[in-house]
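Read the figures in this text as sums done on the coordinates, not as results from a lab. Keep in mind it's a predicted model, so treat the numbers as computed, not measured. All Cβ positions, even for glycine, are placed from backbone atoms using ideal geometry, and neighbour counts span all protein chains on display.
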Amino acid sequence: MSERSGALAHLAKALLRRGSVVLVGLALGGIGALGVIHMSSASYSSTEVLLVPAGTSRSGAGAPSEADTLAATYAAEIPQDQAVRGVIATAADMSPAQAGRDLTITVENGSALLDVRFTAPVRADVAAGLTALTDAVTGPDPLSAAIAGGTLVLVRPPDATVNSSMSPRRTVPLGALLGLVIASVVAVAWERSDPRVDDVDDLRAELACPCWPAASNLGAAAAASIVAAWRARADVWCLSVAFIPVGHADPSAESKLREAIQGAAGPGGILVRDVNLETGTHDEALTGSEDLAVLIVKRGSRLEELRTTVGRLEELGRSPAWAFLLRSRGHSSSGPTSPAHGRSHIGDEPSLREAGPAGLGRPGEPARPGSAAEPKPRVPGLGANKATESPADTRL
């Protein structure tokens with residue numbers, strides 16, 4: 001059930017993201033239906049009922065079951081009969097071929113009744129055509145040589161002629177529905193060919209580092225927990241962190257996130273640099289002295305952009321140590337817990353404990369002095385504690 005709900009959620013996100021495609025398909029379907037109505041000619045129709053009497057065969061009297069067989073034969077034969085087509089065409093002012101196409105005869109199930117329907121572009125021609133048909137196939141001497149005399153009788157004369165043209169009230173909604181279905185298929189196919197990062201699970205599927213959703217105004221307790229985890233991970237107290245945006249950055253949200261992290265670390269406790277791997281200018285390039293590389297992924301970023309950024313980091317011999325998924329502005333929270341959902345915006349506590357070594361303490365609390373997780377102070381002027389750390393400890 002959870003997989004199905006997840007698939008439906010992704011489908012809904014795809015349709016919302018590609019909403020313009022869906023709207024265009026909806027509009028084009030309705031417009032196309034109106035165009036078809038405009039190009040189609042007006043048509044009118046009427047019906048009558050003929051009967052093959054029981055006990056009738058082509059040669060005269062016969063068994064009752066033969067009437068049903070003969071009725072089925074007449075239903076297929078009459079629209080193809082040239083003599084019948086000719087008299088209908090003359091009466092309805094149309095070609096014999098058109099008369100055959102506009103004449104429909106069906107057999108009512110389990111009976112010898114023939115439902116005859118005739119359509120014409122002019123209302124008066126409908127009644128004239130059905131009258132000509134009835135005269136040609138009924139009576140003791142039918143016009144068609146393929147019909148035996150007295151084997152067809154009229155049991156219900158032609159009813160009132162009705163307008164059978166396509167109705168905009170029905171056709172336009174159907175066209176719009178068809179356009180909506182086609183557009184939805186196109187939107188889903190487009191989404192699959194260009195996948196996006198919509199939630200933390202999408203990040204975790206691509207990255208081996210901790211991935212957390214973050215509101216634009218991260219709460220103090222949540223920020224303190226993250227800083228403690230970073231210090232334990234890098235094994236230094238004074239951190240140098242590179243913020244690396246993925247896709248189109250949101251400077252306002254990034255600034256608020258940076259302020260929350262720096263506020264939790266205290267004065268001089270953390271240095272955050274914005275690094276843009278796409279431009280690679282001197283001020284934005286990685287210096288090699290950063291303790292952690294943190295990806296800032298905006299919700300809805302292309303998955304290909306994320307993979308490209310990770311690939312460029314790997315080319316530099318680095319890897320992301322942490323990743324934030326910035327939500328839209330309407331999902332911010334003033335604290336570590338959202339009142340609406342009762343959940344942490346940075347993840348659950350067990351996962352946060354696993355992000356650092358033992359002794360880190362509860363999320364939201366710095367490491368206890370003297371504990372195994374107490375970070376080593378950074379030596380001023382050095383990018384990392386080379387004297388006390390192994391090379392592996394200084395990598396991201």
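What full-extension length gain, to one decimal in nm, is calculated for SER111 and ASP68 as 0.36 nm per residue of separation minus the Cα-Cα distance?
On the way: separation 43, 0.36 × 43 = 15.48 nm, distance 0.59 nm.
Length difference between fully extended and current span is 14.9 nm.
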Of ILE147, THR171, SER111, farthest towards positive along the dipole that unit charges on Lys, Arg, Asp, Glu beta carbons give the stretch 62-176:
THR171
With labels modelled as points extended 7 Å from the Cα through the Cβ direction, what inter-label distance (nm, one decimal) is found for THR104 paired with ARG169?
2.1 nm
Computed on Cα atoms, the radius of gyration and Dmax of the stretch 85-182 in angstrom are 17.1, 57
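So for each of 256-262, 78-84 I average, over its residues, the number of other beta carbons within 10 Å; can you give me the resulting order with the highest mean first? Walk me through the numbers on the way to the answer.
Working: 256-262: 20.0, 78-84: 18.1.
Sorting 256-262, 78-84 by mean packing, highest first, produces 256-262, 78-84.
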So, in Å, what gap is there between the alpha-carbon centers of the stretch 238-272 and the stretch 114-173?
82 Å
Long-range amide H partners of TRP322, meaning residues 5 or more apart or on another chain whose placed amide H is closer than 5 Å, are ALA293, LEU295
